1. Scan segment 79-92 and tell me whether some residue there is free of Cβ contacts under 8 Å to residues at least 60 places away in the same chain, under 18 Å from the mean Cα position of the chain (by Cα) and open to solvent by less than 20 Å² (accessible area, probe 1.4 Å).
2. Check segment 148-158 and report whether any residue there is touching a strand residue (DSSP E or B) at 6+ places or on another chain (Cβ under 9 Å), surrounded by 13 or more Cβ atoms within 10 Å (Cβ to Cβ), within 29 Å of Ser55 (Cβ to Cβ) and at pLDDT 95 or above.
3. Which condition number does Lys75 fail, the rest of (1) touching a helix residue (DSSP H, G or I) at 6+ places or on another chain (Cβ under 7 Å); (2) modelled with pLDDT of 95 or more being met?
4. Going by what's in this entry, would Asp263 be described as open to solvent by 50 Å² or more (accessible area, probe 1.4 Å) and assigned to a helix (DSSP H, G or I)?
5. Quick check: is even one residue across segment 94-117 in contact (Cβ under 8 Å) with a residue 40 or more places away in the chain, open to solvent by 20 Å² or more (accessible area, probe 1.4 Å) and outside any helix (DSSP H, G or I)?
6. Does Leu41 qualify as being in contact (Cβ under 8 Å) with a residue 12 or more places away in the chain and open to solvent by 40 Å² or more (accessible area, probe 1.4 Å)?
7. Consider segment 118-129. How many of its residues are assigned to a loop (DSSP other than H, G, I, E, B) and within 13 Å of the chain's Cα centre (by Cα)?
8. Would you point out the residue of segment 220-277, among those that are among the basic types (Lys, Arg) and closer than 28 Å to Arg181 by Cβ, that is nearest to the chain's Cα centre (by Cα)?
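The values are calculated or read from the model by the stated rules, or taken from the named source; none is laboratory data. Predicted, not measured: the structure shown is a model, and the values here were computed from it. Every residue, glycine as well, gets a Cβ built from its backbone with ideal geometry; the counts of neighbours run over all protein chains shown. Surface areas here come from the heavy atoms of the whole protein model, side chains and all, with no ligands, DNA or RNA. Shrake-Rupley method; radii C 1.70, N 1.55, O 1.52, S 1.80 Å.
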Amino acid sequence: MSKDASLRDALRVPTGPISTAGFDAGGRPLAPSAKKMAQHLEEMADLQERFWAESTGGGGRSVLLVLQGMDTAGKGGVVTHAVGVFGPIGIEYTAFKKPTKEELEHDFLWRIRKRLPRPGMIGVFDRSHYEDVLVVRVHGLVPQAEWEARYDAINAFEQELTDGGTTVLKVFLNVSYDTQRERLLRRLDEPEKHWKFNEGDILERARWDDYQAAYGSVLERCSTDAAPWYVVPADHKTYRNWAVAELLRETLTELDPHYPQPDLDVASLRERLAPPH
């Protein structure tokens, strides 16, 4: 990978009509050597510490990582192997499930707002507000006019977050139809992974084309300057995990966080900590 190459540039969703068929789920754009991967992960840990430390001195910035993808795309793996590089302080993880009765009584963004990252934090959404223009659309859970209006509502919401100091990093983990089948079969082949198998995944798989159309609309209508979408090839797990980590590293590098500089009388403090004579 050349010094000036940016994975964000390589994976960012282009403007214009979008079809998910146009993205290669098995690709490995800008894949580095194993040594370079390890170096990048070390840099990530340092950047995240500085980002958190900056907030203790009054910094108000935060990062929100949104992970979306079909079943088996690897959202959990990314959280473990990419986000897991960070220390536990400074990370807020939320896995959004089917809305509760209480959540359904409110606007679809209500439960999302409750989990937004605080200053210095990197928030991670395993699924997100986009379920309300994906699952809801595919299953016809609300009238089309209602979910159509949500694209603009989402764009306005994410612009609001950006204006308030939150960098929004949205990642679509793009797994292929054949790879999903292989991963589902692997769960059946290994008894210790049966707990991960959900028969509902097969029913959702039968709606593959509908989901691809829904994701295409999301990428086309909600990739903005304030909050662009990135499509990460997810057929190769190692590459997938590195790619999300690299997107985070590039984002934090651009934010360039700094340790706070408290006004300490270091000499006096050292003297007070000196052993008794």
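1. Among the residues of segment 79-92, at least one is free of Cβ contacts under 8 Å to residues at least 60 places away in the same chain, under 18 Å from the mean Cα position of the chain (by Cα) and open to solvent by less than 20 Å² (accessible area, probe 1.4 Å), which makes the answer yes.
2. Yes, there is a match, as at least one residue in segment 148-158 is touching a strand residue (DSSP E or B) at 6+ places or on another chain (Cβ under 9 Å), surrounded by 13 or more Cβ atoms within 10 Å (Cβ to Cβ), within 29 Å of Ser55 (Cβ to Cβ) and at pLDDT 95 or above.
3. The failed condition is (1).
4. It is false that Asp263 is open to solvent by 50 Å² or more (accessible area, probe 1.4 Å) and assigned to a helix (DSSP H, G or I).
5. Yes, segment 94-117 contains a residue that is in contact (Cβ under 8 Å) with a residue 40 or more places away in the chain, open to solvent by 20 Å² or more (accessible area, probe 1.4 Å) and outside any helix (DSSP H, G or I).
6. When the stated conditions are applied, Leu41 passes them.
7. Residues that pass the stated criteria total 2.
8. Selected residue: Arg240.
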